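Before any comments, here is the structure.
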Amino acid sequence: MSHAATPAFEHPQPDNSVLLLVDVQGKLARLMHESQAMIVQQKLLIEACQVLSIPIVWAEQLPDKLGSTVEALQAVLTDHQPIIKSSFGCCQNPELMAAIEKQAPKHILLAGIEAHVCVWQTAASLVARGFSVHAIEDAISARQANNKHVGLTRMRQAGVKTSCVEMVLFELMGGATHPQFRTISGLIKAASA
């Protein structure tokens, strides 16, 4: 499925975006650079997307070997089921691509691990398919800070837009008159407490 190129300045909207959560699993997730801060931001992003009715697609890499998604995220994904993959990139998995394309999004909000492997390969393939991909930097990590840096650099070179959780949430709302502004602001405050 090919999409028209999306201008760099076009903000994602709740009705044209999907959150894709990649492989935040088991002991590996706890080995990430600034792991706890990353998980807090991922949880905030998930909760805010639920409030804004943004579809969430949830990937797990061979959970029988790597373990399931960390409990803090599973606790807020109770209405969702992970889609199991063995390929590093999500786009090589037909079930994951079907789940994404079913929503007909322009924008993919991308979070997960590791920046230079599964997240990078997913981002590159999504851009090649014409999606506007937003790498949510504070919700992405790798075991080594340098690998996160290299992964995000390659993503930018491939045309991925970089963002952070607060930035994308305020883009999605567009203004303080948004009906969910107070709720989202409360989630942000709670996450930074």
Practice task
With a 10 Å radius around each residue's Cβ, average the other Cβ atoms per peptide and rank 132-139, 146-153, 23-30, highest first.
Solution key: 132-139, 23-30, 146-153
Problem - Residue-count net charge about Ser53 - beta-carbon cut-off 14 Å; Lys, Arg +1, Asp, Glu -1 - result: -3
Handout entry: Lysine pairs in the chain with Cα atoms under 16 Å, if 8 or more residues apart or on separate chains
Key = 5
Fill in the blank from the handout: Interchain or sequence-distant (5+) residues whose placed amide H lies within less than 5 Å of the amide H of Glu137 are Ser163, Cys164
Completion exercise
If amide H atoms are modeled at 1.01 Å from N in the peptide plane, then the residues at a separation of 5 or more from Ser68, or on another chain, having amide H under 5 Å from its own are Gly26
Handout entry: Over region 9-136, relative contact order from alpha-carbon pairs under 8 Å, at least 6 apart, %
Key = 33
Completion exercise
Counting only protein heavy atoms and leaving out ligands, DNA and RNA, the solvent-accessible surface of Thr78 at a 1.4 Å probe, in Å² to the nearest 10, equals 100
Exercise for the section: Please give the net charge around Gly130, taking every other residue with its beta carbon less than 13 angstrom from that of Gly130, where Lys and Arg add +1 and Asp and Glu add -1. Expected result: +1
Practice task
Among DSSP beta bridges whose residues both lie in the chain, state the antiparallel percentage, nearest 5.
Solution key: 5
Problem - Karplus-derived HN-Hα couplings along region 113-124 (A = 6.51, B = -1.76, C = 1.60, θ = phi - 60°), whole Hz, x at Gly and Pro - result: 9, 8, 3, 8, 10, 5, 5, 4, 5, 5, 4, 4
Fill in the blank from the handout: Calc'd 3J(HN,Hα), region 102-111, phi into Karplus 6.51 cos²θ - 1.76 cosθ + 1.60 (θ = phi - 60°), Hz, glycine/Pro = x, comes to 4, 7, 6, x, 8, 10, 10, 8, 10, 9
Exercise for the section: Taking the Cβ of His33 as the centre, find all other residues whose Cβ is under 13 Å away and add up their charges (Lys, Arg: +1; Asp, Glu: -1). Expected result: -1
Problem - Accessible area of region 117-193 belonging to carbon and sulfur atoms, whole % at 1.4 Å probe - result: 52
Problem - Under Karplus coefficients 6.51, -1.76 and 1.60, residue-wise ³J(HN,Hα) of region 142-153 in Hz, glycine/proline x - result: 8, 4, 10, 4, 5, 5, 4, 4, 5, x, 5, 5
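The values are calculated or read from the model by the stated rules, or taken from the named source; none is laboratory data. Fair warning: this is a prediction, and the values are worked out from it, not measured in the lab. Positions of Cβ are generated from backbone atoms using ideal geometry, with glycine treated the same way; all protein chains shown enter the neighbour counts. Accessible surface areas use protein heavy atoms only, side chains included; no ligands, DNA or RNA. Shrake-Rupley method; radii C 1.70, N 1.55, O 1.52, S 1.80 Å.
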